[in-house]
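The values are calculated or read from the model by the stated rules, or taken from the named source; none is laboratory data. The model shown is predicted, which means the values in this text are computed figures rather than measured ones. Backbone-built Cβ (ideal geometry, glycine too); neighbour counts: all protein chains shown. Keep in mind that these areas ignore ligands, DNA and RNA; they rest on the heavy atoms of the full protein, side chains included. Shrake-Rupley method; radii C 1.70, N 1.55, O 1.52, S 1.80 Å.
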Amino acid sequence: MSSRKSKSNNLIHAEYLSQVQRILRERFCHQSPHSNLFGVQVQYKHLIELLKRTAIHGESNSVLIIGPRGSGKTMLINHALKELMEVEEVSENVLQVHLNGLLQINDKIALKEITRQLNLENVVGDKVFGSFAENLSFLLEALKRGDRSSSCPVIFILDEFDLFAHHKNQTLLYNLFDISQSAQTPLAVIGLTCRLDILELLEKRVKSRFSHRQIHLMNSFGFPQYLKIFKEQLSLPAEFPDKIFTEKWNENVQCLTEDRSVREVLQKHFNVSKNLRSLHMLLMLALNRVTTSHPFVTAADLMEANQLCSMDSKANIVHGLSVLEICLIIAMKHLNDIYEEEPFNFQMVYNEFQKFVQRKAHSVYNFEKPVVMKAFEHLQQLELIRPMERTSVNTQREYQLMKLLLDNTQIMNALQKYPNCPTDVRQWATSSLSWL
């Protein structure tokens, strides 16, 4: 009977843990509008006022939200839109169009996406338009209901805004800003970008139609605030089904916040990057270690997660290379030392390798030149080396100039951990240029 009871307890425990995983993963992976905003209250107030002026009073606006990756640009706009849509008169009337510069790579694709998101495919049908402007103004005209005050306000959110500036003639931007300047459909254009020089990319005619409003996000909080964010992000909400489990979990999070080793890990992480995306990555890796037998996040989990986060991916690739490929990288390292980071070609690397083989013939097998060439090409595929210029038809592969994308410390650290590395090869890597 007791074994059956413990089994049912384990099942309940497992169910709660899977719910914890789901809630926290959703919080870490998605820019949820339900999570709290940190240190951007002033910018948020500015943005929400701007959106309300468009949605409620029919006033057209344009604004750029500028900040480094992971600074919370998307979260800011999601929060503002969520609050806006909670206003009854707005939710039934306002339309949103979300475009991304990585997906809508030209104006034709962008226009199709605008038509789809405004649900106007049937209205457009087989109509042929003379120009982009004509097509866009037709779409917005179709949304009108009489006078300007009763027209449907449209909010355009352009993610990766700088990529739209590379479209031919910047037609999309020109027309959106033009409509936002003129007394047509109420329109709000919100651009999200991480480039500070974004205005320099805009053509004169586009720049003159832009309102020049900019909202900057710069992660201005300090370490105490960062600790508070860590605690809030890892804590369970009050509405979690099991109150006792919630209390235990949140007590454990509080203990973690006060733990010295955890603070050291977070301080290191904070010094490297203040953005919340990297904190979420750290917490996600720690959360992955939570199981029924290990139901709470510990300081050891966070320390291991930090090691995984700070791991050098290029050095990890070196661990999986063959001895021949390691030898070629060492040859490149020596060439970099001799010629002071000047580019090299395969023939130079091969000659360097041959010198080493002749000196240490007993420890390294002398491979045929085509085999060495194959190993060299494999290094290029792994992006450990890259060509200096585009491959032309006339250039022989042996003489194409290359650059090594690893520095000396990365090579030496990788060799320390390389399994069964021949002693001669290790000595060759550490040797100075005196043997040349």
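Restricting region 105-119 to residues that are surrounded by 14 or more Cβ atoms within 10 Å (Cβ to Cβ) and in contact (Cβ under 8 Å) with a residue 24 or more places away in the chain, which is nearest to residue 134 (Cα to Cα)? If we take residues in region 105-119 being surrounded by 14 or more Cβ atoms within 10 Å (Cβ to Cβ) and in contact (Cβ under 8 Å) with a residue 24 or more places away in the chain, then 111 is nearest to residue 134 (Cα to Cα).
Any idea how many residues of region 312-343 are more than 20 Å from residue 401 (Cα to Cα), outside any helix (DSSP H, G or I) and within 31 Å of the chain's Cα centre (by Cα)? So the answer is 3. Filtered by the rule that a residue be in a helix (DSSP H, G or I) and free of Cβ contacts under 8 Å to residues at least 24 places away in the same chain, region 393-410 gives a lone residue, 409.
Tell me, yes or no, whether region 276-288 has at least one residue that is in a loop (DSSP other than H, G, I, E, B) and of a type in the set (A, V, I, L, M, F, W, C).
no
Look at region 411-433: where a residue is touching a residue at least 24 places away in the same chain (Cβ under 8 Å) and assigned by the TED database to the domain that holds residue 320 and a partner is of a type in the set (Ser, Thr, Tyr) and open to solvent by 40 Å² or more (accessible area, probe 1.4 Å), sitting 6+ places away or on another chain with Cβ atoms under 7 Å, you get 422/363; 424/363.
Taking the listed residues 217, 192, 163, 187, the one that is open to solvent by 10 Å² or more (accessible area, probe 1.4 Å) and touching a residue at least 60 places away in the same chain (Cβ under 8 Å) is 163, with no other qualifying.
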